[in-house]
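Remarks on the structure that follows.
Bear in mind that the values in this text are calculations on the coordinates, not laboratory data. The model shown is predicted, which means the values in this text are computed figures rather than measured ones. When we count neighbours, we look across all protein chains shown, and the Cβ atoms used for this are built from the backbone with ideal geometry, even at glycine.
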Amino acid sequence: MKEPLTDRLGRKIEYLRLSVTDRCDLRCFYCLPKGFRDFEIPDHWLDFDEIERVVAAFARLGTHRVRLTGGEPLVRRGLPDLAARLARLPGIDDLSLSTNATRLARHARTLREAGISRINVSLDTLRPERFREITGGRLEKVLDGLMAARDAGFTPIKINMVVMRGINDDEVGDMVDFCIEHGFTLRFIETMPMGETGRDASDRYVDLDEIRNRLARRFELLPGMMPGGGPARYVQVAGTDLRIGFITPISRHFCESCNRVRLSADGTLFLCLGQEHSYPLRPLLRAGCSDAELEAAIREAVALKPERHEFREKPEQVIRFMSMTGG
Ligand code: SAM
């Protein structure tokens, strides 16, 4: 057994978020600018062999959880094949997917068979008109995708809702009802100042304590837990199966327990969502590095992991959009 991957503050890194593309078929206004086209060129994307090599190296260093994300991961052709290859890697025991679900109706069953166990779906509103305004897309496709995921046996299915004042904060109760009805887990997320779009949307920021207090007037909220090891703090809605998670990078950050790093589609390792510290792996891979060199590079990269993000103190500092690293 190799020395586990640990950063200079003693945090164990056991979770890799893997962006397979920076492209997306939606344009959520707080994520990607309308008409944005400045995407990474396909020659720069890691191919599936390269991705598998990097994930295998992480697995040898103790990473056991991998989440496929993007951009929209399902716009990358052949994603179920990649998922199947990663699920087979020794040491990887938890392979999950974050998706906007527009293409999930077509792929849910294959993804499940490929070995993806858990799915997170981004959904900020249940109103078709509003959905179009926020994302530029069609709500119906997402709902179809969600039902297909449920029918394919994914469990849990988590709905991620970015709560924004004057945009969708009036739908928090509706989303709770929707998740109770369908057996989904619900997570609320605070808006982060990532890229220009995220910074503009920060005007709409809502402290999730406010949402929790609002819900507590309507529901009895009990302390809750959820397997997964992520940053959400959960409550259970009494008398139902619903768990609600609060992800509060701004009002109450959770950097001291951060256990993850992110690989972008072009093979750059990002050490913190809210900082620009990064380490390019693609040049090494394409220069024919050995497995030992790749592992050494990953250790060197992890040593660069900063103590915490500074979304509050320096909201202007992250210039990349969330779609580059997938949240
Ligand atoms: N396309 C996939 C999806 O929809 O889940 C994965 C990538 S998407 C960038 C990941 C998550 O980041 C989504 O839930 C999205 O709402 C969230 N997100 C994007 N920009 C954000 C921002 N500025 N603040 C908070 N969350 C953001």
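General observations
- Estimated FRET transfer efficiency when R0 is 22 angstrom, pair Glu300-Arg88 (beta carbons, to 0.05): 0.20
- The spacing between the stretch 117-170 and the stretch 292-307, judged by their C-alpha centroids, is 36 Å.
- For the chain, the alpha-carbon coordinates run over 57, 43, 42 Å along the three principal axes, in decreasing order.
- Taking Arg85, Arg77, Arg233 as the candidate residues, the one with maximal mean-square fluctuation in a Gaussian network model of the chain, Cα springs under 10 Å, is Arg77.
- Inter-label distance, nm, simple model (7 Å from Cα along the C-beta direction), Glu256/Arg150: 3.9
- Close Lys-Lys pairs in the chain, where close means Cα under 18 Å and separation is 8 or more or interchain: 4
- Cβ screening of the chain for cysteine pairs under 4.7 Å finds these without a partner: Cys24, Cys179, Cys255, Cys258, Cys272, Cys289.
- Taking all Cα pairs closer than 8 Å and separated by 6 or more residues, the relative contact order of the stretch 15-325 comes to 21 percent.
- Environment charge at Met147 (Cβ cut-off 12 Å; Lys +1, Arg +1, Asp -1, Glu -1): -2
- Within the stretch 15-325, percent of DSSP bridges classed antiparallel, to nearest 5: 30
- Distance in nm between pseudo-label sites at Asp169 and Asp203 (7 Å out along the Cβ direction from Cα): 1.4
- Choice from Phe29, Phe39, Phe154 showing the highest fluctuation, given a GNM over the chain with Cα pairs closer than 10 Å: Phe39
- Local electrostatic count, Phe270, Cβ distance below 13 Å [Lys/Arg +1, Asp/Glu -1]: +2
- Per-pair calculated FRET efficiency, R0 = 35 Å: Glu181 and Arg312 via Cβ, rounded to 0.05: 0.45
- Using R0 = 45 Å, the C-beta based FRET efficiency linking Glu220 and Ile41 works out to 0.30.
- Using just its DSSP H runs of length 4 or more, each adding -39500 (n - 2.57), the chain gives a mean residue ellipticity at 222 nm of -9000 deg cm²/dmol after division by all residues.
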